[in-house]
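These notes concern the structure reproduced below.
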Amino acid sequence: MDTRTGTSNVAYMGLCLALSLILGYVESLIPFNFGIPGVKLGLANLCVVILLYICGWREALTVDLLRVILSGFLFGNLSMIIYSLAGAILSFVCMTLVHKTGRFSPIGVSLTGGVTHNMGQLTVAVLVLGTTRIVYYVPALIISGALTGALLGFISSLVLPVLNRFDPTKLV
């Protein structure tokens, strides 16, 4: 966690929550279909990765959970919230652990999140459907999670230096 003030963290959290909701909505409008249920870009996770680096895990977790719940109520349903929460919680825990090692760039952290998010959702699907027959999706979900996670991590690695140079106290 860096030395930003509590006010700066709250401002970043608010901006990231709003941006993640917008990105989630925009993503729902993009015709992105590989024929595999649950595969998507995960644009809203950009904000979570960025907050993890800029503010810390508590702030990133808060925005991640609020985003899932608000997106579910605004654009989805209870089922969507359950699947999304499972993926978000598992991916967040794994991203935080990988980030804390200090050995991985935002690309590695986000890649971890992309893969584990899909595994969390698949686990819920197995429990809800009461069958393990759907585990044949695992290779496709790992590949798609790795690709989209790496892409979002790359974008995060480009954005983070810019945000770290920005000093919100100099706006006045």
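The values are calculated or read from the model by the stated rules, or taken from the named source; none is laboratory data. Keep in mind that what you see is a predicted model, and the values were worked out from it rather than measured. FYI the Cβ positions are ideal-geometry reconstructions off the backbone, even for glycines, and counts take in every protein chain you see.
One line per residue, one yes/no per condition, for (1) touching a Pro at 6+ places or on another chain (Cβ under 8 Å); (2) without any contact (Cβ under 8 Å) to a residue 40 or more places away in the chain; (3) farther than 19 Å from residue 45 by Cβ:
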| site | (1), (2), (3) |
| --- | --- |
| 112 | no, yes, no |
| 115 | no, yes, no |
| 127 | no, yes, yes |
| 136 | no, yes, yes |
| 142 | no, yes, no |
| 149 | no, no, no |
| 159 | no, no, no |
| 165 | no, yes, yes |
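With the structure loaded, tell me whether residue 123 is among the hydroxyl-bearing types (Ser, Thr, Tyr) and more than 24 Å from residue 25 (Cα to Cα) or whether it fails that test. Here the answer is yes, as residue 123 does meet what is asked.
I'd like to check something: does the range 134-157 contain any residue that is touching an Asp or Glu at 6+ places or on another chain (Cβ under 9 Å), part of a helix (DSSP H, G or I) and more than 16 Å from residue 92 (Cα to Cα)? No.
Just one of (1) surrounded by 13 or more Cβ atoms within 10 Å (Cβ to Cβ); (2) farther than 15 Å from residue 156 by Cα; (3) out of contact with any Pro (no Cβ under 8 Å at 6 or more places or on another chain); (4) modelled with pLDDT under 95 fails for residue 61. It is (4). A search for C-beta distances below 8 Å between a residue of the range 65-81 that is within 15 Å of residue 42 (Cα to Cα) and touching a residue at least 24 places away in the same chain (Cβ under 8 Å) and any residue that is small (Gly, Ala, Ser) and not in a helix (DSSP H, G or I), counting only pairs 6+ apart in sequence or on different chains, returns 67/44; 71/44. Here residue 138 meets each of (1) loosely packed, with under 12 Cβ neighbours inside 10 Å; (2) over 25 Å from residue 13 (Cα atoms) with one exception, condition (1). Restricting attention to the range 119-162, the residues being under 19 Å from residue 108 (Cβ atoms), more than 15 Å from the chain's Cα centre (by Cα) and of a type in the set (A, V, I, L, M) number 6.
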